[in-house]
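Enquirer: Below are the structure tokens for one structure; questions will follow.
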Amino acid sequence: MNLNTIFYTAGILLLFSCKETHGNKNTPEPNSSLKREKIVTGQQIQKTKAEEDPGQASVQETGSIWNGKYSGSFLRLKDETADPRAWGQIHLHIHGKSATLSIDSYVENVQKKLKLFSESKDELRLKDISDGKSLTLSKKSGTITMEGDLMESIVGISEKYEIEKTVR
């Protein structure tokens, strides 16, 4: 016997083993009500979760808030503000549960792959895949700041860097 024959036979046996109610398979029992299933979409589930705990939003829900490209600049060589080489550029591209950080300055030219560690409406934490150092983005009154031991290890200074979202 091949596999198709086995499935066909099993299907016929299942069909004949069904019970008949009141002589007709298609009519419901007199005092029974039809049961209706409610289909719930993913967006409705996420909305329900956010309503239960508004302080902590899920990764899927707030991922759209943080996704995009961010940029900023920082003064790398403090005594040379007029020299364009004294300034460094920060580029951060967040996409889903991962991100890419690029730091370009006269001293550094670094690119890091990051993964999402935790996130809420006001804070996003990323970790470097290679060494586990972290980066935290905070949003307060429209200003986005970035800090963490990852930036400290690249630049050598523990500082907050202001960045802005350039592309969604």
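The values are calculated or read from the model by the stated rules, or taken from the named source; none is laboratory data. This structure is a prediction, so every number in the text was calculated from the model and none was measured. Please note: Cβ atoms are built from the backbone with ideal geometry, for glycine as well, and neighbour counts cover all protein chains shown. Quick note on the areas: whole protein, heavy atoms, side chains included, nothing else; ligands and nucleic acids left out. Shrake-Rupley method; radii C 1.70, N 1.55, O 1.52, S 1.80 Å.
Enquirer: Could you tell me the relative contact order of the range 85-140? Use alpha-carbon pairs under 8 Å, at least six residues apart, and round to a whole percent. The partial results should precede the final answer.
Expert: Working: 102 pairs, mean separation 12.3, N = 56.
Computed over the range 85-140, the figure is 22 percent.
Enquirer: To continue, here is another question. Find the accessible area per residue for the range 83-168; the probe is 1.4 Å, ligands and nucleic acids are left out, and the unit is Å².
Expert: That works out to 57 Å² for each residue.
Enquirer: When only DSSP loop residues count, what trypsin sites (Lys or Arg not before Pro) in the range 66-124 have their Cβ near at most 13 other Cβ atoms within 10 Å? All intermediate terms of the calculation are to be shown ahead of the outcome.
Expert: On the way: sites: LYS69, ARG76, LYS78, ARG85, LYS97, LYS112, LYS113, LYS115, LYS121; in loops: ARG76, LYS78, LYS97, LYS121.
Answer by residue number: LYS78.
Enquirer: Within the range 92-153, report the GluC sites (Glu not before Pro) that DSSP leaves as loop and that have at most 16 other Cβ atoms within 10 Å.
Expert: Those satisfying the criteria are GLU108.
Enquirer: Could you work out the local net charge near LYS160, counting Lys and Arg as +1, Asp and Glu as -1, over the other residues with Cβ closer than 12 Å to its Cβ?
Expert: -3
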